[in-house]
Every structure is written in C-alpha cells, then in structure tokens.
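One structure is given below, encoded as structure tokens.
The values are calculated or read from the model by the stated rules, or taken from the named source; none is laboratory data. Note that the structure is a prediction, hence the values are computed from the model and not measured. Ideal geometry is used to build each Cβ from the backbone, glycine not excepted, and the neighbour counts take in all protein chains shown. The area values use the complete protein model at the heavy-atom level, side chains included, leaving out ligands, DNA and RNA. Shrake-Rupley method; radii C 1.70, N 1.55, O 1.52, S 1.80 Å.
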Amino acid sequence: MTIRNSLSALIGLWFIMAPWIFDYSDHTNAFLSSVICGAVQLFASLLAFGKKGWNAWQNWLALLMGVWFIMFPITFAFQLMETVSLVGLGIVTVLLNYYNMNAEEQAE
C-alpha cells in the first residue's frame, strides 16, 4: 500500500511543478488549479499511509483529484502532448487510489 500512496504523492508533486514544466504559469486559473489540486493530491496521499478500505476519506480525496486531473487539460485547452501526459497521470492516479481502496478491503 505504501508504494501506491508514494506514487500517488509523487504525481501530486508533479502537478505542483507542472505549470513551470509545461510553461503555463502565466495562465492564472490553470496555474492555481494545478498547484492547489496537486498539493491536495500530495497531502491526501501522504495522509492515506496505513489507511484501509473504502472508508478512508484520504483515498477518496486523492481519487477525486485524479478525476479532476483527467478533466484539467481539456478544460484549459492544452496542446496534444501536454493533454496526453496530464490525462495519463490522472488515470494512473485514479487507478492507484481505486486499487489501494479495493485491495485493502479484500486483504482483511
């Protein structure tokens, strides 16, 4: 479980840095959305260490951030390569957190 939470936290950190990587730090709404949601993803994933099952709100919050990361580049009309990268990381975030919630329920 800690590996999945660690990967999810790293994706959150990546979204915090993404405005400078993809050079959209001058677009205020996209910048704030990426940094704030990335920070929420990072902290929710760190708080989810040791949490089990579907009742862990930290996993739900991280999963919801992944859903937003899927919609994010489409909402702000990024170019194709940026969109593919951001959507891909959003999908990975959703899958990591879904698997994290589901796998722990089955292990008990």
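General observations
- Placing one equal scatterer on every Cα of the chain and applying the Debye formula, the log10 ratio I(q)/I(0) at q = 0.10, 0.21, 0.23 Å⁻¹ is -0.26, -0.97, -1.12.
- Per residue, the chain exposes an accessible area of 54 Å² to a 1.4 Å probe, with every protein chain left in place.
- Extension gain for Ser25-Tyr98 works out to 23.2 nm (0.36 nm per residue, less the C-alpha to C-alpha distance).
- Computed with a 1.4 Å probe over protein heavy atoms only, the accessible area of Phe76 comes to about 50 Å².
- Proximal charge balance of Val35 [Cβ under 15 Å; K/R count +1, D/E count -1]: -2
- Trp68 contributes an accessible area of around 60 Å² to the protein surface, as traced by a 1.4 Å probe with all chains present.
- Accessible area of the chain belonging to carbon and sulfur atoms, whole % at 1.4 Å probe: 70
- Distance (nanometres) between label positions extended 7 Å along Cα→Cβ at Ile70 and Trp54: 1.8
- Over the chain: helical MRE at 222 nm, DSSP H runs n ≥ 4 each giving -39500 (n - 2.57), nearest 500: -28000 deg cm²/dmol
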